[in-house]
1. Considering each of ALA259, ALA242, ALA250 in turn, give the residue that is buried (at least 17 other Cβ atoms within 10 Å of the Cβ) and over 20 Å from CYS197 (Cβ atoms).
2. Under the condition of being among the hydroxyl-bearing types (Ser, Thr, Tyr) and open to solvent by 50 Å² or more (accessible area, probe 1.4 Å), which residue from the range 278-297 is farthest from GLY144 (Cα to Cα)?
3. Across the range 149-170, what is the number of residues that are in contact with a Pro (Cβ under 8 Å, 6 or more places away or on another chain), under 15 Å from GLN309 (Cβ atoms) and open to solvent by 30 Å² or more (accessible area, probe 1.4 Å)?
4. So which residues in the range 80-104 are open to solvent by less than 70 Å² (accessible area, probe 1.4 Å) and in contact (Cβ under 8 Å) with a residue 24 or more places away in the chain?
5. Out of the residues in the range 157-185 meeting the condition of being more than 20 Å from GLU125 (Cα to Cα) and either assigned to a strand (DSSP E or B) or of a type in the set (S, T, N, Q) (or both), tell me which one is nearest to the ligand (Cβ to nearest atom).
6. Would you say ILE146 is β-branched (Val, Ile, Thr), more than 16 Å from the ligand (Cβ to nearest atom) and within 29 Å of GLY207 (Cα to Cα)?
7. Considering only residues that are open to solvent by 60 Å² or more (accessible area, probe 1.4 Å) and assigned to a loop (DSSP other than H, G, I, E, B), which ones fall in the range 303-314?
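The values are calculated or read from the model by the stated rules, or taken from the named source; none is laboratory data. Every value quoted in this text rests on a predicted model; they were computed, and no experiment measured them. When we count neighbours, we look across all protein chains shown, and the Cβ atoms used for this are built from the backbone with ideal geometry, even at glycine. Areas reflect the complete protein model, heavy atoms only, side chains present, ligands, DNA and RNA absent. Shrake-Rupley method; radii C 1.70, N 1.55, O 1.52, S 1.80 Å.
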Amino acid sequence: MSRASEATRKMNELAAQHDVDLSKLPRIIDQSADSITNNVNAINLANCSDERRKVIFKSLIDHLHAFVREVSLTNEEWMTAIQFLTETGKKCTDIRQEFILLSDTLGVSTLVDGINNAKPPGATEATVLGPFFTQDAHEVQNGGSIASEGKGDYLFVEGRVMDTKGNPIPNALINTWETDGHGSYDVQYEVRDAPECRGYLRSAEDGSYSFRAVVPVPYPIPSDGPVGKMLTALGRHVYRPAHLHMMVEAPGFEKLTTAFYFDGDPYITSDAVFGVRTSLIVKPELITDVAKTKARGFGEEKPHAYLKQDFVLATPEEGAAARKKVAQRVN
Ligand SMILES: [Fe+2]
């Protein structure tokens, strides 16, 4: 067998192993700054059978190459980026996800969330889940407490779960989690005997719910890794404004993952991970009325912050219509 035909045989064997139809591949010989984008797209699309994958990779290559051209990226800058991504990967563990932090701090998480979780007018808006939700929260009764004594200033939260027409949604599952008064989630402590400042409850027949929490405080995102260095290099701070995470689900409705942000917080206009939405900013009242305090069953007269917050859930059809509108707008 000649050397050429031997090479062809090997290529065909390799192609068969990888399910590649060599006859469909474009002939891309001359690589240059002018031709490279078309060449990469041509070879990526030639044998790919998944239409969505084709769309994603075509756009990814177009935008990535356009970015390199637009800023005339230097070799040193590209190596800095490679090094940064390498460090980001190395920083990831089972409990630390530096890539999600990168996505959050670059606004990609909020963008993906905004496209995929758009809500119809009147429904409660969604926002990012964040990294601190856990599956092991305890159930609390309506009116019960998700926080132990000494975990922070009292916050009483109540409201109703409804559909977009104002009908109550009974038995909705409401999950909530937050920082304690020191700005830490329970999972951030070295010793965690039990879930703290988190819990779940169910709405009553009339859709009502209530629970006692603590007033959350601002907290820094993990900043000892490459993302923290990036924010420092950009002159950004690493804080999230105080917020209370909530997740509400009920059969026949879209699951709502949201959070409420406390008006007046110093970081509310510059959230490090872009979670704040105007409709999710709340202004709890300070209740000092002894009768009200006692009625809430706190066991003693105690001034507390009070937040009245209803949830309006969208049906899958209403959500789909809202997402379609967003997709048209952002395209
Ligand atoms: Fe959070």
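1. The match here is ALA250.
2. Going through the range 278-297, the residues among the hydroxyl-bearing types (Ser, Thr, Tyr) turn out to be 278-279, 288, 293.
Filter once more, keeping what is open to solvent by 50 Å² or more (accessible area, probe 1.4 Å): 278-279, 288.
Details: THR278: 29, SER279: 27, THR288: 20 Å.
The extreme case among them is THR278.
3. Residues in the range 149-170 being in contact with a Pro (Cβ under 8 Å, 6 or more places away or on another chain), under 15 Å from GLN309 (Cβ atoms) and open to solvent by 30 Å² or more (accessible area, probe 1.4 Å): 1 in total.
4. Taking the range 80-104 first, the residues open to solvent by less than 70 Å² (accessible area, probe 1.4 Å) are 81-82, 84, 86-89, 91-92, 96, 98, 101-104.
Once the filter is applied, which keeps residues that are open to solvent by less than 70 Å² (accessible area, probe 1.4 Å) and in contact (Cβ under 8 Å) with a residue 24 or more places away in the chain, the range 80-104 yields PHE84, GLU87, THR88, LYS91, ARG96, GLU98, LEU101, LEU102, ASP104.
5. Top of the filtered list is THR179.
6. Details: β-branched (Val, Ile, Thr): yes; more than 16 Å from the ligand (Cβ to nearest atom): no; within 29 Å of GLY207 (Cα to Cα): yes.
So ILE146 does not fit the description; no.
7. Restricting attention to the range 303-314, the residues satisfying the condition of being open to solvent by 60 Å² or more (accessible area, probe 1.4 Å) are 303, 308.
If the condition is that a residue be open to solvent by 60 Å² or more (accessible area, probe 1.4 Å) and assigned to a loop (DSSP other than H, G, I, E, B), then PRO303 is the only one that fits.
Conditions (1) away from the ligand (no atom under 16 Å from the Cβ); (2) within 26 Å of VAL227 (Cβ to Cβ); (3) of a type in the set (Phe, Trp, Tyr); (4) assigned by TED's automatic domain parsing to the domain that holds GLY228, marked per residue:
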{"site": "ASN47", "(1), (2), (3), (4)": "yes, no, no, no"}
{"site": "ASP50", "(1), (2), (3), (4)": "yes, no, no, no"}
{"site": "ARG53", "(1), (2), (3), (4)": "yes, no, no, no"}
{"site": "HIS65", "(1), (2), (3), (4)": "yes, yes, no, no"}
{"site": "PHE84", "(1), (2), (3), (4)": "yes, yes, yes, no"}
{"site": "ARG96", "(1), (2), (3), (4)": "no, yes, no, no"}
{"site": "LEU111", "(1), (2), (3), (4)": "yes, yes, no, yes"}
{"site": "GLN135", "(1), (2), (3), (4)": "yes, yes, no, yes"}
